[in-house]
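Below is one structure, written out as structure tokens; comments come after it.
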Amino acid sequence: MPAFRCFAVFVLCGITSLVPMHACAQQQDARAFVQTIVNNELTADTNDHSRWMFRDANKVRGKSTVKLVVQTPEGDLSKTIEMDGHPLTAQQQHTDEQKMHRFVTDTGVREKQKTNQQHDDKQASALTKMLPDAFLWTRSGESGDETTLAFKPDPKFNPPTREARVFAAMKGTMVVDTKQKRIKSLKGTLIRNVDFGFGLLGKLQKGGTFNVERQNTGPHVWEITATHIHIHGHALIFKSIDEQQDEETSDYKPAPESITLAEAEKMLNDGTVAKRLGLEQQQ
């Protein structure tokens, strides 16, 4: 927080003690700490070339799937092993295997996944960079190797994108691994309605929540292991927005170096991946 804002707080409150200045200094310290965390995250992300095999359980708008995923240099290949709490039927398994094979053999399908991932990565990086400036930060606790910080919107922040407008209307907490300076969790609640085009293009309702959890899966590698998003609203006057997603990933194991998509397909179909993840019973 700039010094003139601290001075304004001091004067407007009519307080003659140095408490507001002390609070401002604490806020500046917390923001500097968050900036260090963000810089470390961005550097680690740039240097992370690891690839994994893992289980992905995803529930979106009431429909659930469980997949086994193998990351390769050519893209991420997945095999569905469960839908809505039940193993796949023979027909569903056949359809899923055809979809897998098309990904392996069709460069257009792979290019689409790559483009989507690059877009998501770019958006995630942009929002991460906004963390220090979009919010007012305070340290709220320390325990062992964890530091917890509370955040709320900084009224002086001007969100540059629609995604940033939603992001900057949240308050919540961030838990950090103090030694590694990596984010362990980020939880937020939408504290006000967010309108787009005076509400005609879209409106997200106050009270929506998000919760992202991460775990240390390897040396200097942190992966998102849980994502919970529950946001309501409407768009274009009549279309409802019902962003309900609960996704959890687990059982991470390193994928073989330089594994090809064809090799990943074979390992998924013959049960090798399930065996390596200790999930044979779900295959």
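Bear in mind that the values in this text are calculations on the coordinates, not laboratory data. All figures in this text were calculated on a predicted structure; none of them were measured in a lab. Cβ sites come from the backbone with ideal geometry, for glycine too, and all protein chains shown count toward neighbours.
Of the cross-linked pairs K59/K152; K156/K184; K122/K184, those separated by over 22 Å at the C-alpha level are K59/K152; K156/K184.
F54 sits among other residues whose Cβ lies under 11 Å from its own Cβ, and their net charge, with Lys and Arg +1 and Asp and Glu -1, is 0.
The string of couplings for region 174-190 from the Karplus curve (6.51, -1.76, 1.60, θ = phi - 60°) is 10, 9, 10, 6, 5, 6, 7, 6, 10, 6, 9, 7, 9, 10, x, 10, 6 Hz, one whole number per residue in order, with x for Gly and Pro. Using every pair of separate Cα atoms, the Kirkwood estimate puts the hydrodynamic radius of region 3-282 at 21.5 angstrom.
In loop segments of region 136-220 as defined by DSSP, the chymotrypsin sites (Phe, Trp or Tyr not before Pro) with at most 13 further C-beta atoms inside 10 Å of their C-beta are F198. Looking at region 78-217, the pairs of alpha carbons with a distance over 22 Å make up 58% of the total. Extending 7 Å from Cα along the Cβ direction at N47 and again at E257 yields two label points whose distance is 1.8 nm. If you sort the three axes of the alpha carbon gyration tensor as a ≥ b ≥ c, you get a/c of 1.5 or more for region 121-180 and a/b no higher than b/c, which makes it oblate. Using C-alpha pairs under 8 Å with a sequence gap of at least 6, the mean separation divided by the residue count of region 86-207 gives a relative contact order of 14 percent. Based on the Stokes-Einstein relation at 25 °C and a viscosity of 0.890 mPa s, and on the Kirkwood radius from alpha carbon pairs, region 62-132 is assigned a translational diffusion coefficient of 173 µm²/s. Tell me, how many Å apart are the Cα centres for region 150-164 and for region 78-107? Region 150-164 and region 78-107 have Cα centres spaced 41 Å from each other. Quick one: helix 3-12 against the long Cα principal axis of the chain, what's the angle to the nearest 10°, folded into 0 to 90? Between the helix axis and the principal axis of the chain, the angle is about 60 degrees.
Count Lys and Arg as plus one, Asp and Glu as minus one, and take only other residues whose Cβ is under 12 Å from that of K206; the net charge is then +2.
Per-residue Karplus couplings for region 214-227, computed as 6.51 cos²θ - 1.76 cosθ + 1.60 with θ equal to phi - 60°, are listed in order as 10, 9, 7, 9, x, x, 6, 10, 10, 10, 5, 10, 7, 9 Hz, Gly and Pro entered as x. In a DSSP loop and with at most 12 other Cβ atoms within 10 Å, the trypsin sites (Lys or Arg not before Pro) in region 161-202 are K179.
Backbone amide hydrogens, once placed in the peptide plane, bring I81 within less than 5 Å of V66, K67, L68, excluding anything fewer than 5 places away on its chain. In a fully extended conformation the segment linking H86 and H232 would gain 49.7 nm over its present Cα-Cα distance, using 0.36 nm per residue. Taking other residues whose beta carbon is less than 13 angstrom from the beta carbon of D145, and scoring Lys, Arg as +1 and Asp, Glu as -1, yields +1.
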